[in-house]
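J.: Quick one: structure below, then a few questions.
The values are calculated or read from the model by the stated rules, or taken from the named source; none is laboratory data. From a predicted model like this one, the values you see are computed outputs, not experimental measurements. Neighbour counts run over all protein chains shown; Cβ positions are idealised from the backbone, glycine included.
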Amino acid sequence: MSRIDLILLHPPSVYDFRKKAPLYGPISDVVPSTPIFEMYPIGFMTIANYLKSSGYSVRIINIALRMLKSRRFDVERLIRSLDPLTFGLDLHWLCHAQGSLELAKIIKKYHSSTPVILGGLSASYYHQELISYSQVDYVIRGDSAEEPLRHLLEVIRQKGSLRDVPNLTWQDNGGGMRVNELSYVPLDLDDLSFDYRGIMKSSAHYKDLTGHLPFRDWFDYPIVAMLPWRGCRHNCVTCGGAAQTYKSICGRSLPAYRNPQLLAEDIALASRYLRGPIFILGDIRQAGQEYVERLLGGIKKKRINNDIVLELSFPASKEFLAMVATSIARFSIEISPESHDEQIRGAFGRAYDNQILERSIEDALRLGCRRVDLFFMIGLPRQTPESVQQTIKYCGVLLREYNKNGNTRVHPYISPLAPFLDPGSRAFENPQQYGYKLFYKTFTHYCSNKISILV
């Protein structure tokens, strides 16, 4: 077997979690993964597909999941057995701060001359700190690593000039930090492939099903995600994927959309091979009415039978929900009101009242929506303990009002803002303005303390 060009490794949040018994708390109760955050970003798939189409070989190994499934799994033995041209680690979510650096350290222990590349939103935010670590050779910045990675692999293969690689942070031979221009910010996502067959083929090729699974309980809940765009038009206070954050970290002023016809084809293709729910990340209304009509029209033509989950940034009109109901045979919606208190919700960046929210829930149920998930949060600006208790009571009201006669289609959840504020978010940059006290802010602090503390 020829040498692999890039092996993408997904680390656990805390590398030595199998040797210790930390009390994590409810930090991952409303996401599919465990507190180890073993779900790797969807960018692994698009990177692998993009590089393979350019003639490079790529393998994905979910180290976190393999560690989670077996206490006997020997990470160092696996790393020692690998011999790629490069290793890539994701540092998209900051919860992987300690795990990513520890895994990179192990790579360098056995492959001292093999480049280690980090990428993701958190890596982009902390790129200058990360490049000072001896186990990190390169950081790819921005929200679209596919083409910069291809360029970097070409340079490594041909011993070319690192100065030509867009979005790259690196060290020269004298140990000086070099920050290349953040010049690769694509205007659309039409050059990417969201074809899950690439992961299926790779898992068969390398005889490693577990290493390619997205999270531990995927066989019980085989959900797949579709990405309509990168970027955002909204500016929610604590979100690391808000418009302000994308502009400062990724150089993106406007979202990069995927052609709605291509997105409809992505969804149809996934439905041919996977029978689980298909989750469209982000509110499709963000792209405008024409985009919505073209996407829903394309889905309708495909006659897809999978459950399709739509994420809503704010309550939907009856007209929009009716269009969804006539286009998607089985649909569900998710919306995050965050609080029952309309003033707290508005301060967070979501200015709508409970009457509009409840009308949208009722309209969705009447039009055949299979499930409505509502997400509330503890730890919002202006929130008090008494307000949290009132939010819990409001969840009870929703359950009693909409789940009658054995009908359980409305599911409210409440969870803490955890495990920390997203770097680059408005609250992270100006914590006192929003009522937070941030104990840790540098990457070194996060890495050494495993987690930040918010009060």
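J.: Quick check: is even one residue across the range 361-373 under 21 Å from residue 428 (Cα atoms) and of a type in the set (D, E, K, R)?
T.: Checked against the condition, which is being under 21 Å from residue 428 (Cα atoms) and of a type in the set (D, E, K, R), the range 361-373 yields no hits at all.
J.: A further question on this structure: If you scan the range 127-150, which residues turn out to be surrounded by 24 or more Cβ atoms within 10 Å (Cβ to Cβ) and among the aromatic types (Phe, Trp, Tyr)?
T.: 138
J.: Residues of the range 31-49 being part of a loop (DSSP other than H, G, I, E, B) and touching a strand residue (DSSP E or B) at 6+ places or on another chain (Cβ under 7 Å), which ones?
T.: 40, 41, 42 - these are the residues of the range 31-49 that are part of a loop (DSSP other than H, G, I, E, B) and touching a strand residue (DSSP E or B) at 6+ places or on another chain (Cβ under 7 Å).
J.: Residues that are in a loop (DSSP other than H, G, I, E, B) and crowded, with 20+ Cβ neighbours inside 10 Å: does the range 57-76 have at least one?
T.: The answer is yes, given that some residue of the range 57-76 is in a loop (DSSP other than H, G, I, E, B) and crowded, with 20+ Cβ neighbours inside 10 Å.
J.: Of the residues 414, 356, which is in contact (Cβ under 8 Å) with a residue 40 or more places away in the chain and outside any loop (DSSP other than H, G, I, E, B)?
T.: 356
J.: Another question, then. Would you check if there is a residue in the range 148-158 being touching a residue at least 12 places away in the same chain (Cβ under 8 Å) and outside any helix (DSSP H, G or I)?
T.: No, the conditions are met nowhere in the range 148-158.
J.: So which residues in the range 294-324 are within 18 Å of residue 226 (Cβ to Cβ) and among the acidic types (Asp, Glu), if there are any at all?
T.: 307, 311 - these are the residues of the range 294-324 that are within 18 Å of residue 226 (Cβ to Cβ) and among the acidic types (Asp, Glu).
J.: For the range 1-30, which positions are assigned to a loop (DSSP other than H, G, I, E, B) and touching a Phe, Trp or Tyr at 6+ places or on another chain (Cβ under 8 Å)?
T.: The answer is 5, 10, 12, 13, 28, 29, 30.
J.: Has the range 221-241 got at least one residue that is out of contact with any Ser or Thr (no Cβ under 7 Å at 6 or more places or on another chain), farther than 29 Å from residue 285 by Cα and either not assigned by TED's automatic domain parsing to the domain that holds residue 46 or not aromatic (Phe, Trp, Tyr) (or both)?
T.: no
J.: Take the residues of the range 30-45 that are closer than 16 Å to residue 219 by Cα and touching a Ser or Thr at 6+ places or on another chain (Cβ under 8 Å): which is modelled with the highest pLDDT?
T.: Only one residue fits best here, namely 39.
J.: Yes or no: residue 31 without any contact (Cβ under 8 Å) to a residue 40 or more places away in the chain, more than 26 Å from residue 195 (Cα to Cα) and of a type in the set (Val, Ile, Thr)?
T.: Criteria not met by residue 31.
J.: Same structure, new question: Name every residue in the range 329-369 that is in contact with a Leu (Cβ under 7 Å, 6 or more places away or on another chain) and over 30 Å from residue 417 (Cα atoms), in order of residue number.
T.: 367
J.: Another one. Of the conditions (1) within 28 Å of residue 296 (Cβ to Cβ); (2) in contact (Cβ under 8 Å) with a residue 60 or more places away in the chain; (3) of a type outside the set (Phe, Trp, Tyr); (4) not in a loop (DSSP other than H, G, I, E, B), residue 268 fails just one. Which one is it?
T.: (2)
J.: Might you check whether a residue that is in a helix (DSSP H, G or I), in contact (Cβ under 8 Å) with a residue 12 or more places away in the chain and buried (at least 16 other Cβ atoms within 10 Å of the Cβ) occurs anywhere in the range 313-322?
T.: yes
J.: Take the residues in the range 11-53 that are charged (D, E, K, R) and within 30 Å of residue 373 (Cα to Cα); name whichever of them is surrounded by the most Cβ atoms within 10 Å (Cβ to Cβ).
T.: So the residue we want is 38.
J.: Output yes when any residue across the range 200-215 is of a type in the set (Phe, Trp, Tyr), under 27 Å from residue 418 (Cβ atoms) and not in a loop (DSSP other than H, G, I, E, B), and no when none is.
T.: Looking for residues that are of a type in the set (Phe, Trp, Tyr), under 27 Å from residue 418 (Cβ atoms) and not in a loop (DSSP other than H, G, I, E, B), one finds none in the range 200-215, hence no.
J.: On the phi < 0 side of the Ramachandran plot, under 25 Å from the mean Cα position of the chain (by Cα) and modelled with pLDDT of 95 or more: is that true of residue 352 in this structure?
T.: no
J.: Looking only at the range 375-394, filter to residues that are hydrophobic (A, V, I, L, M, F, W, C) and in contact (Cβ under 8 Å) with a residue 40 or more places away in the chain; which one of those is surrounded by the fewest Cβ atoms within 10 Å (Cβ to Cβ)?
T.: Selected residue: 375.
J.: Moving on to the next point. Could you tell me whether residue 139 is outside any strand (DSSP E or B), at pLDDT 95 or above and on the phi < 0 side of the Ramachandran plot?
T.: no
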